[in-house]
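J.: Have a look at this one before I ask anything.
The values are calculated or read from the model by the stated rules, or taken from the named source; none is laboratory data. Everything numeric here is computed off the predicted structure, so don't read it as measured data. Positions of Cβ are generated from backbone atoms using ideal geometry, with glycine treated the same way; all protein chains shown enter the neighbour counts. SASA here: full protein model, heavy atoms, side chains in, ligands and nucleic acids out. Shrake-Rupley method; radii C 1.70, N 1.55, O 1.52, S 1.80 Å.
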Amino acid sequence: MKSICLQMFKNATHSFDDVFTTVHPELIKEKQVIEEPETQAIKTKLPLEWLHKMLTQQQIKAQLILTQPNIEYIEKMIKIYDVDYLELEKALIWAVNEQQEFDRKEFQDMCKDIFYKKHGSIPPRLYSKEQKELEPEPKKKSNQSEQPKSKEEQLIEHFNSISHRELLEDLSASGRASMKEIDMLTSIMEEHGLPQPVMNVLVDYVLKRNQNKLSKNYIETIAAHWSREGITSAKQAMQIAKT
């Protein structure tokens, strides 16, 4: 009888880890599934590890802030408002609220403040439009097999490499762009989910069609149309602008 009881006790006994594990295994698996893609799937040119470390030091949950949509938004804003990585740290921390949420409007406002403080009344470009045209372009190593690029290809490359702020600066004799226009274009671009190169084509198209005036209603109408059409590249935007 005693041996039977011992055997029953032995069969019913489990290890400490089996009974008193601090975190349920299902939660551990779930946590791994959530966290691993957050760090591996994000595509960006930003110094992601540095940003993660910087936010963690401020007791901010970096994985909640550094999501793919937020990273894409940050990349666009710092290019539009000429924010470098050191200034980005200040703007990013400022834009995180008490609920550990990334406030996009606060981030944009901070980027605008940085732009004003950096440039003040001095034009963002340190050269005039005439000087820029006279400057020789850096010579590239000739490649016999490389075909000369067409004007359309060169224009597409140009639209892919700049922001709408830089586009407006290039078209201004003073080298300056209206912050009111920059904000208006940025808002429309975000509202309709247009990539920066597409927005550049739209701005160039409207200026040529509307006597160098940026009409908000006109721009919004075209932006909404291009968004519905699924325009995602400068080349597509240029093609639909011709129709």
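J.: Quick one: ranking T56, T243, T186 by accessible area, 1.4 Å probe, largest first, what do you get? Provide the component values of the computation, followed by the final result.
T.: Values: T56 75, T243 135, T186 0 Å².
So the residues, ranked largest to smallest area, are T243, T56, T186.
J.: Starting from the Cα gyration tensor of the stretch 145-243, take the square roots of the eigenvalues, sort them a ≥ b ≥ c, and report rounded, prolate or oblate (rounded when a/c is under 1.5, otherwise prolate if a/b is larger than b/c, else oblate).
T.: Working: a/c = 1.79, a/b = 1.21, b/c = 1.48.
Cα axes put the stretch 145-243 in the oblate bin.
J.: Whole angstrom only: what separates the Cα centroid of the stretch 71-120 from the Cα centroid of the stretch 154-179?
T.: Answer, in whole Å: 20.
J.: Starting from the residue with the highest accessible area, list I222, I74 in decreasing order, probe 1.4 Å.
T.: Working: I222 20, I74 0 Å².
The ranking, largest first, comes out as I222, I74.
J.: Using label points projected 7 Å from each Cα along Cα→Cβ, tell me how many nm separate S150 and L86, to one decimal.
T.: 4.5
J.: Now for a separate question. What does a probe at Q239 reach in the stretch 213-231, counting residues whose amide N is under 17 Å from the point 7 Å along Cα→Cβ?
T.: The answer is 226-231.
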